[in-house]
1. If the reach is capped at under 17 angstrom between alpha carbons, list the aspartates and glutamates near residue 311, excluding any in the same chain fewer than eight residues apart.
2. Dipole of the range 255-437 (Lys/Arg Cβ +1, Asp/Glu Cβ -1, origin at the Cα centre): which of 303, 280, 411 lies farthest to the positive side?
3. Tell me, what is the percent relative contact order of the range 137-253, built from C-alpha pairs under 8 Å that lie six or more residues apart?
4. To the nearest 0.05, how large is the calculated FRET efficiency for residue 378 and residue 264 if R₀ is 25 Å and r is the Cβ-Cβ distance?
5. Provide the packing ranking of 3-15, 120-132, 215-227, i.e. peptides ordered by the mean count of other C-beta atoms within 10 Å per residue, highest first.
6. Roughly how big is the chain's charge dipole about its Cα centre, with Cβ charges of +1 (Lys, Arg) and -1 (Asp, Glu), in debye to the nearest 20?
7. Counting only residues 5 or more places away or on other chains, whose amide H sits under 5 Å from the amide H of residue 176 once H atoms are built in the peptide plane?
8. Based on DSSP, what percent of beta bridges with both residues in the chain are antiparallel, to the nearest 5?
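Just so you know, all these numbers are worked out from the coordinates, no wet-lab data involved. Please read these numbers as outputs of a predicted model, since none were measured by experiment. All Cβ positions, glycine included, derive from the backbone under ideal geometry; neighbour counts span all protein chains shown.
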Amino acid sequence: MKKYEMLINGKWVKAKSGKTREIIDPGNGEVLAVVQEGGKEDAIAAIEAARAAFDHGPWRKTMAIDRGKLLFKLGDALRAKAKEMAELETRNNGKPLAEAEFDVADAANCFEFYGGLATKIHGETMSVPANSLSFVVREPIGVCTQIIPWNFPLLMAAWKLAPALAAGNTLVLKPSEFTPLTALELAKMCEEVGFPAGVVNVITGPGAGCGEEMAVNHKVDKVAFTGGTATGRRIAIAATENLKRVTLELGGKNPNIVFADADFESAVDGALFGAFANQGEVCSAGSRLLVERSIHKPLVEAILKKIPNIKLGHGLGAGVKMGPLVSKAHREKVESYIEIGKKEGKLLCGGKRPSGAQFEKGWFLEPTIFDDVKPTARIAKEEIFGPVLTIIPFDTEEEAIRIANDTEYGLAAGVWSKNIQKALRVVREIRAGITWINHYHPTFNEMPWGGYKQSGTGRELGLHGIEGYLEIKQINVNLDEAPIGWY
Ligand code: NDP
């Protein structure tokens, strides 16, 4: 049985409480590894290490090109172990291996993108009175705590580490208590490629205690969080005590709108992939399918015809397209929404656990579709975060836009139409940070990721993502040598 400790100040340490936690494979219930069950005191130790490394260590003054080189090395280290990392991700999170392989490659790309961007951080100057020279420099924010969820454990770690390190910050990362294994392996790689002690600290433990301290501690300059909106709200409130910088990437109830003039087969694929990739455990999942009424019946029939292609099984199984949900508790939460859905819409498929010996020990759930759901229904409003799709018919462009925007969330949206004017018109009206036309889900490290409304604040990825890890300082120089003589 593999045992992990936590990386604090360049050393692998046990939780001060002596407590540990077993990490479970959600596909078969087997214990995969034992990790430390860190608490408040471990979070404090990690934050103090990051503080000392920022204030007194070499990192802040390391040249951008050298920070970038380390990030490239981290990308290389990840690629060298791509196979093991993808398998570990699948075993820990449940997702199909092909999806985990994609995540590993994308995480390596993320380190490389920000490795290149490290040297592009620059200042600027403006015209001010001739006797002054004024310019702006960008500096790292300082100590960043980073709290990530269980749905993309490695990728979320990369999204957090890469821009923070490129900008010269030090950090403490906490993966989800359910899925810490790839983040711990990544911590080993950070050590191997040579990040100085205290720059990258990775701790494991629950949100209560360990995570809370990361949000509230006054030695922290910034907290970055990805996860549920309710938790994000709590973190934002805790962070206001010392007015930390805050980035929140939260939930969504994202509309995927299919107009009658869409390419039919592409829209069918996009509806299924949008809803069921990663078991639907995706903040940007197209969980509300809005379908123009004239194609509602044939589109639903075509979608249902393809449902048997979504092969359920352990993520490492051949041809598996949907793995188990991440935990027993999460499956129960999704099932409780299915019960609500049975009263709010017409159950077209799924709605239950698959039968068969191979499913007995894992947290499996069939892909589930509800049709004729009212936009006001709970299953059309609340984030279910599982393989549950709600279909809502509409009659006009205006109605589609109104339903799409009738949500407290504003993360993502898809529009399917061959009429590009109409598609762009609709996308411009939708209050969401990430939109796709005739596509769903592709995500680029180069482009900003984040939401409107209660889907969060700030942006990750792209050029905007690094701005979230930088402070702006103006420097003014008096070019006159004589005193100003005011008094
Ligand atoms: P959370 O959003 O609660 O957890 C995400 C991370 O935050 C985990 O590392 C968690 O720790 C940590 N955390 C939890 N509470 C606190 C706190 N008070 N202070 C600091 N950190 C904290 O996700 P859940 O697993 O509880 O899922 C709940 C719901 O959130 C899901 O059903 C889904 O709807 C949504 N969700 C959305 C995600 C997204 O990407 N938008 C991702 C995950 C969930 P730990 O788990 O270790 O206790």
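1. 99, 269, 281, 360, 366
2. Final value for the positive-end residue is 280.
3. Working: 189 pairs, mean separation 33.2, N = 117.
This gives 28 percent for the range 137-253.
4. Working: r = 30 Å, r/R0 = 1.21.
E(calc), rounded to 0.05, equals 0.25.
5. Packing order, densest peptide first, comes out as 215-227, 3-15, 120-132.
6. Computed charge dipole of the chain: roughly 600 debye.
7. 148
8. Details: 28 of 67 bridges.
In the chain, DSSP labels about 40 percent of beta bridges as antiparallel.
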